[in-house]
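Here's the structure, in structure tokens; my notes come after.
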């Protein structure tokens, strides 16, 4: 049985995007994928909590897709987390609505991969900087995968962006079809080191 994938997309300036726009275009038509563009859905920032919880309940895999803003998410996605992941629903006593679901961060960043390490300008790895999201997933009883990361967005070529978008589509299809072995991903810094190899294709 195929899984349903919910892509929670948060980009406050999508028309200026080089990478996230093409990544989103790559997965939008995939069967079993629902795209929820938060800035488009809530231009007044008034999030419909009941709608969002219903969407989450109806999907098996959740993807946070966004540019990596100040080592975190855009404001809308943080607001979404604050309001939608309610105590007693997503976590806490009897809060098991998300238990067993999978969470993936799919992000883009202007910095190179070398910049995200103890010796680099940013001092920490992307995985370390995403620790609050990983812990949120674990608190909610979700399985958190290593992130899908596109580095160096200011300098990548259009051909490279298309390659990343294709890898993203392959990964989302693999998650939908339950072809990603979680045990194999545990030691990866990011899932898109070798997506084809990860999916056994």
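The values are calculated or read from the model by the stated rules, or taken from the named source; none is laboratory data. On a predicted model such as this, the values are computed, not experimentally measured, just so you know. Note: ideal-geometry Cβ built from the backbone for every residue, glycine included; neighbour counts use all protein chains shown.
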Test residue 141 against the stated conditions and say whether it is exposed (fewer than 13 other Cβ atoms within 10 Å of the Cβ) and touching a residue at least 12 places away in the same chain (Cβ under 8 Å). no
Does region 9-17 contain at least one residue that is surrounded by 13 or more Cβ atoms within 10 Å (Cβ to Cβ), at pLDDT 95 or above, within 16 Å of the chain's Cα centre (by Cα) and in a loop (DSSP other than H, G, I, E, B)? yes
Hey, can you tell me all the residues within region 174-201 that are surrounded by fewer than 19 Cβ atoms within 10 Å (Cβ to Cβ) and not in a loop (DSSP other than H, G, I, E, B)? 182, 183, 184, 185, 193, 196, 197
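Assess whether residue 33 counts as being closer than 28 Å to residue 86 by Cα and in contact with a strand residue (DSSP E or B) (Cβ under 7 Å, 6 or more places away or on another chain). Can you show your working first?
Working: closer than 28 Å to residue 86 by Cα: yes; in contact with a strand residue (DSSP E or B) (Cβ under 7 Å, 6 or more places away or on another chain): yes.
The answer is yes for residue 33.
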Is region 13-21 home to any residue that is more than 18 Å from residue 148 (Cα to Cα) and touching a residue at least 24 places away in the same chain (Cβ under 8 Å)? yes
Could you check, for region 161-169, whether at least one of its residues is free of Cβ contacts under 8 Å to residues at least 12 places away in the same chain and either touching a helix residue (DSSP H, G or I) at 6+ places or on another chain (Cβ under 8 Å) or in a helix (DSSP H, G or I) (or both)? yes
Test: residue in region 154-172 that is within 27 Å of residue 91 (Cα to Cα) and surrounded by 19 or more Cβ atoms within 10 Å (Cβ to Cβ): yes
Quick check on my filter: what residues within region 115-135 are free of Cβ contacts under 8 Å to residues at least 60 places away in the same chain, surrounded by 15 or more Cβ atoms within 10 Å (Cβ to Cβ) and part of a loop (DSSP other than H, G, I, E, B)? 116, 117, 122, 130
Could we say that residue 6 is part of a helix (DSSP H, G or I), within 16 Å of the chain's Cα centre (by Cα), in contact (Cβ under 8 Å) with a residue 40 or more places away in the chain and surrounded by 14 or more Cβ atoms within 10 Å (Cβ to Cβ) here? no
